[in-house]
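This report concerns only the one structure given below.
The values are calculated or read from the model by the stated rules, or taken from the named source; none is laboratory data. Just so it is clear, the model here is predicted, and its values are computed rather than measured. Every residue, glycine among them, receives a Cβ derived from its backbone with ideal geometry; neighbour counts consider all protein chains shown.
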Amino acid sequence: MPSHPTLIKPPGPSQNQSAIEDVLELTQLDEIQPNLFTNTRPLWHPPGARGIYGGAAIAQCLAAAQRTVPDSFTVHSMHCYFVLNGNADVPIIYHVEHVREGRSFCTRTVQARQRGQPIFTTTLSFMREGAGGKKVVTHSHPMPANVPIKDTEDEDMFRGKHSPFISQRIDILNDESKEAHTKKARQWIKARGRISEAGGHQAHLSALAYMSDSYFIGTVARVHKLWRHATDSKATAKLGITPEVIKKLKIMDAETLKRVEGMDEDVVEQLRSLEVNEKGEVVFEEAARRPEIGMMVSLDHSIYFHSPRDFRADEWLYTECESPWSGDGRGLVMQRMYTREGRLVASCVQEGVVRLRQDAAPKL
């Protein structure tokens, strides 16, 4: 194995591309097979996650497939399954299969593999631009009016200042409702920096796909007000919520906290129940405990692209998530993504495992 987590030694940061273009850059393995690709740079493993950030696999599969279709064809849908946890220390090989070549539509499947095993698979459909004719039927779900936004870029205390995208959380709509399905988790999101002209519309589509997985299945935890961080100090540190971070966060007022990436009104409330004792250990108030997430991972992810050549992923996109159902250790979330001007550019659906930590079995 190479001494780096990619098949080929990664180059330094690009001078002409945005951070998200660097993250999603692929190397085509022409000398082996023109439909094989691999990640050019290391992939992100979020603190506490079971594997790499799922949005990376989604976006790189899309990027690989886009390299195999004519320029006149644009993706309109992709349907994905997370098969195994991706290992950030092992190169990924993306296998693109040409399923159909039609006049108006073409289809690709992409399988991401590590050590010969599939970790992720997706089927994508592309449509020839203008194939729908001059007369078309149109309608669109409207974006809510007067959604608050700041034109500032606050530092992400959990992903760090080098994160390829940034976001602004907004208070959950209907958060006091007793009905979880009526709540909407909202945020503004965009790629950091400026996506290069050379990247074309394909770079914006890949960036949107990458960002679409941000806190997606986590919506279920948010609308049910579940503990989303482990309740022992060792596990808490793995999640990036170290005692030092907790001390820093607890001295901030609520409004400042809500402007910090990764914070929302629910997490702010959780923070009030955390203390760091004299030994530097994280202590939780037993009376404030809520049902706690034991396992939360994505199972599948679908994206429908509505205006694939008519948006920029490096400009603010408004996202709105709602969960129509959860049960049997799973949850379902639906997401809409709009431009700042109110144009619906994508609709997404994700199902995931959402299991609560179970009570310890009574000692006999």
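Of everything in the stretch 305-348, what is closer than 11 Å to MET143 by Cα and either in contact with a Leu (Cβ under 6 Å, 6 or more places away or on another chain) or basic (Lys, Arg) (or both)? Give them in sequence order. Of everything in the stretch 305-348, those that are closer than 11 Å to MET143 by Cα and either in contact with a Leu (Cβ under 6 Å, 6 or more places away or on another chain) or basic (Lys, Arg) (or both) turn out to be ARG336, MET337, TYR338, ARG340, ARG343. Taking each residue of the stretch 206-226 that is touching a residue at least 60 places away in the same chain (Cβ under 8 Å) and at positive phi and looking for partners that are assigned to a helix (DSSP H, G or I) and not hydroxyl-bearing (Ser, Thr, Tyr) with beta-carbon atoms closer than 6 Å, six or more apart or interchain, yields LYS225/ASP266. Within the stretch 106-152, the only residue that satisfies the criterion of being surrounded by 10 or more Cβ atoms within 10 Å (Cβ to Cβ), of a type in the set (Ser, Thr, Tyr) and part of a loop (DSSP other than H, G, I, E, B) is SER140. When the stretch 71-98 is limited to residues that are more than 23 Å from ASN39 (Cβ to Cβ) and in a strand (DSSP E or B), the one that is farthest from the chain's Cα centre (by Cα) turns out to be PHE73.
Give the residue that is nearest to the chain's Cα centre (by Cα), with candidates limited to residues of the stretch 305-332 that are surrounded by 15 or more Cβ atoms within 10 Å (Cβ to Cβ), under 25 Å from ALA191 (Cβ atoms) and hydroxyl-bearing (Ser, Thr, Tyr). Ranking the qualifying residues of the stretch 305-332, first place goes to THR319. Considering (1) under 18 Å from the mean Cα position of the chain (by Cα); (2) among the small types (Gly, Ala, Ser); (3) buried (at least 17 other Cβ atoms within 10 Å of the Cβ); (4) at pLDDT below 90, the lone condition that SER206 does not fulfil carries the number (4).
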